[in-house]
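Laboratory data are not the source of any read-out in this text; all were calculated from the coordinates shown. Small disclaimer: the values here were computed from a predicted structure and weren't measured. All Cβ positions, even for glycine, are placed from backbone atoms using ideal geometry, and neighbour counts span all protein chains on display.
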Amino acid sequence: MKRKVRMGMVGGGRGAFIGAVHRMAAALDGQIELVCGAFSGDPAKSKASGEDLMLPPERVYASYAEMIEKEKQLPEDVRMDFISIVTPNHVHFGPAKMALENGFHVVCDKPLAFNMEEALELEALVKETGLLFALTHNYTGYPMVKQARDMIRDGKLGKVRKVVVEYPQGWLATKVEDTDSKQASWRTDPTKSGVAGCMGDIGTHAENLAEFITGLKIKELCADLTAFVDGRLLDDDGNVLIHFEHGAKGILFASQISVGEENNLRIRVYGEKGGLEWAQQEPNTLWLKWPDRPIEMMRTGVGALSASAQAHTRIPAGHPEGYLEAFANIYRNFAYCLQARISGEAVDPVYQDFPTASDGVRGMLFINRVVESSKAGAVWTEF
């Protein structure tokens, strides 16, 4: 018999943006229940955040280590089933490693870890334990992203020749980290963000989307990173030339100093037979382009979409469906797989579709390689 799966959260306390997003996404389908948390490195703040969420005081912990240790001692029908990690990059590895070592499944915000060594250790630990691990590259959850992937996989565009993916934002066009912006301060701090700033934060989304939609892996790249804002320690803009496997070539740029841009993630893919275009700010639409007939527009929930696109469409056509629903698709799929693991039942393969620790390793590799290439003077670097 299926039941709700029980979630413990690490991070996401008062003042945190992404923690609330994760909680809303996890709750959207009624398959997941938040039962405990260590919401801050500050025990008092964690306690206050637990009160905000109306959790029992005894299930609100001062640290993730305390949460994992005490939850493991609870009866199986009470303890959490998995943890959701919604902390800055440098606090992904510790709770993920400890959770896996103690038999708990994991959902983790991207990037996978602070550095490549941590990422590889987590990937190995996931394989060793056999536990479920989802990485929240949430843009892969959009129905029309899955439609685009399925059309390319089925050969509708022919052999892929060109991939153009971009993610411009404008919120760091000034030195926002010198204000009281928590979101800016850790993202621009190499001790918390890692070796990259913009490329680690949003460039990895562009890389992941390009590989997810095309099914092609990056073979080599040439990158030019810049910190345009005086005094900023990490890149706030980057341009990357890419060689994919099977001869496809690509351009990726990510920028957080593109004044006026919001979250304008966009991808265009061109094959021998046709092309397609998808943009995150208009996620219900997929444009198809052909050499011998008019441009076509496909819409979420309309017409003969792929089985995967249909399975990840939530509301009737014409109603806005966006960021939270895409995020929730990852949590729902993870929950279905975990419920199947608990009950010993099978789960439809269409719901086994979520990013994994191995996708996270490729993201960390992308970060390392663009930094290496740029520091060497924008030289071609093997992926």
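The phi torsions of the range 119-133, fed into the Karplus equation with coefficients 6.51, -1.76 and 1.60 and a -60° offset, translate into couplings of 4, 5, 5, 5, 4, 5, 5, 4, 5, 5, 7, x, 7, 6, 9 Hz, rounded to whole numbers, with Gly and Pro shown as x.
Of the peptides 15-21, 202-208, the order by per-residue mean of other Cβ atoms within 10 Å, starting with the highest, comes out as 202-208, 15-21. Count Lys and Arg as plus one, Asp and Glu as minus one, and take only other residues whose Cβ is under 12 Å from that of Glu58; the net charge is then +1. Per-residue 3J(HN,Hα) values for the range 32-46, derived from phi via the Karplus relation 6.51 cos²θ - 1.76 cosθ + 1.60 with θ = phi - 60°, read 10, 10, 6, 10, 6, x, 10, 8, 6, x, 8, x, 5, 5, 4 Hz in sequence order (x marks Gly and Pro). By other beta-carbon atoms within 10 Å, ranking Ser46, Ser258, Ser84, Ser63 with the fewest at the front produces Ser63, Ser258, Ser46, Ser84.
Across all Cα pairs in the range 308-371, the calculated P(r) in 10 Å bins from zero up to the longest distance comes to 18, 36, 30, 14, 2 percent per bin.
Among residues other than Val165 with Cβ under 9 Å from its Cβ, the summed charge is 0 (Lys and Arg +1, Asp and Glu -1). Spatially, the range 318-366 and the range 226-286 are offset by 24 Å when compared through their Cα centroids. By the count of neighbouring beta-carbon atoms within 10 Å, fewest first, His22, His243, His319 end up ordered His319, His243, His22. Phi angles across the range 275-291 convert, under the Karplus curve 6.51 cos²θ - 1.76 cosθ + 1.60 with θ = phi - 60°, into 3J(HN,Hα) values of x, 9, 8, 9, 10, 5, 6, 9, x, 7, 10, 10, 9, 10, 10, 10, x Hz, Gly and Pro given as x.
What is the range 103-172's relative contact order, in percent, from Cα pairs under 8 angstrom and six or more apart in sequence? Answer for the range 103-172 is 31 percent. Angle of helix 17-27 to the longest C-alpha principal axis of the chain, folded into 0 to 90 degrees and rounded to 10: 80°. Amide H to amide H, with H built 1.01 Å from N, Lys162 comes under 5 Å of Lys249, Tyr270, counting only residues 5 or more places away or on other chains. Starting from the Cα gyration tensor of the range 79-216, take the square roots of the eigenvalues, sort them a ≥ b ≥ c, and report rounded, prolate or oblate (rounded when a/c is under 1.5, otherwise prolate if a/b is larger than b/c, else oblate). Because a/c hits 1.5 or more and a/b fails to exceed b/c, the range 79-216 counts as oblate. Shape of the chain from its Cα gyration tensor (a ≥ b ≥ c, root eigenvalues): rounded if a/c is under 1.5, otherwise prolate when a/b > b/c, or oblate? Verdict is oblate for the chain.
For the range 194-215 versus the range 40-67, the inter-centroid distance based on Cα atoms is 32 Å. In plain terms, the bigger the Kirkwood radius, the slower the diffusion; for the range 245-383, with that radius from Cα pairs, at 10 °C and 1.306 mPa s, Stokes-Einstein puts D at 86 µm²/s.
The order of Arg23, Arg332, going from fewest to most other C-beta atoms within 10 Å of their C-beta, is Arg23, Arg332.
Net charge in the neighbourhood of Asp77 (other residues with Cβ under 11 Å of its Cβ; Lys, Arg +1, Asp, Glu -1) is +1. For the options Pro143, Pro56, Pro88, a Gaussian network treatment of the chain with springs between C-alpha atoms closer than 10 Å singles out Pro56 as fluctuating the most. On full extension, the segment bounded by Lys219 and His319 gains 32.0 nm, given 0.36 nm per residue less the C-alpha separation. For the range 5-131, the Kirkwood hydrodynamic radius comes to 14.4 Å, computed from all pairs of different C-alpha atoms.
DSSP assigns beta bridges within the chain; of those with both partners inside it, close to 60 percent run antiparallel.
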